[in-house]
Amino acid sequence: MALLRTIFYFLLATVFAGVVLLGLWLDVHVLQDKLREVSVTEILQEIILATIVFLHFRLVKASERMRECNLLIGAFFLAMLIRELDALFDIIAHGSWVWFALMVSIAAIAFAASRYRKTVSQLSVYPQTPYYGMMISGLLCVLVFSRLFGMHSLWDSVLGDQYMRIVKNMVEEGAESFGYTLCLTSSIGYYFYQCRTASPSASAML
């Protein structure tokens with residue numbers, strides 16, 4: 001059974017990676033929109049983040065023994081989703097996404113801090129779950145690798161007079177999207193792992 005699950009999650013991650021690459025291809029080759037704020041790639045990233053948020057917030061209700069941990073993870077990805085939706089929040093005021101992300105973050109941290117013993121205990125358990133490594137890999141890809149690999153100075157040095165911003169954007173958005181697929185695959189695996197290990201009362205809520 002464990003081997004079948006491993007194969008299934010590998011195939012699932014493969015499908016997700018293929019879908020985000022398809023999104024890049026549609027943006028650049030078909031739609032010719034140069035990966036602006038509203039693009040297939042951006043929409044796919046937002047759908048992925050919304051799914052991750054949904055799964056972890058669902059576990060806030062379903063898995064009492066990891067409630068605070070799941071709340072923090074869900075709120076973290078909700079703040080990332082708000083950041084990805086910055087163009088939408090700009091309708092209210094330019095840069096207003098920061099305040100919404102801060103409100104979500106402060107509310108989640110305050111809730112977790114009010115139960116700090118449980119929170120610390122749960123946060124020490126989470127790294128021991130089978131899907132933690134994939135989650136960390138995805139976050140490193142999104143928050144570190146994609147940013148560094150997409151630096152303007154790097155691509156300007158490589159391409160010189162032939163520098164085109166679309167090339168840099170494709171590399172950066174592609175790496176970021178791949179990182180999101182890792183986070184999503186990890187979240188799906190973690191969700192069902194929590195379902196399997198939850199108490200009977202929690203399982204009944206799923």
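Taking the accessible area of the stretch 1-149, probe 1.4 Å, and keeping the other protein chains in place, the carbon and sulfur fraction comes to 75%. For the stretch 73-206, the C-alpha radius of gyration divided by 2.2 N^0.38 Å, with N the number of residues, is 1.33. With the alpha-carbon atoms of the stretch 1-155 aligned to their principal axes, the span from lowest to highest coordinate is 51, 47, 30 Å, starting with the largest. A simple packing score, the average count of other Cβ atoms within 10 Å per residue, orders the peptides 52-58, 24-30 as 52-58, 24-30, with the highest score first. Ligands, DNA and RNA are left out, and with a 1.4 angstrom probe the accessible area of the chain is 56 Å² per residue.
The values are calculated or read from the model by the stated rules, or taken from the named source; none is laboratory data. Just so we're clear, the structure is a prediction, and the values are computed from it rather than from any experiment. Counting neighbours? That spans all protein chains shown, and the Cβs are built from the backbone with ideal geometry, glycine included. Surface accessibility is based on the protein's heavy atoms, side chains included, excluding ligands, DNA and RNA. Shrake-Rupley method; radii C 1.70, N 1.55, O 1.52, S 1.80 Å.
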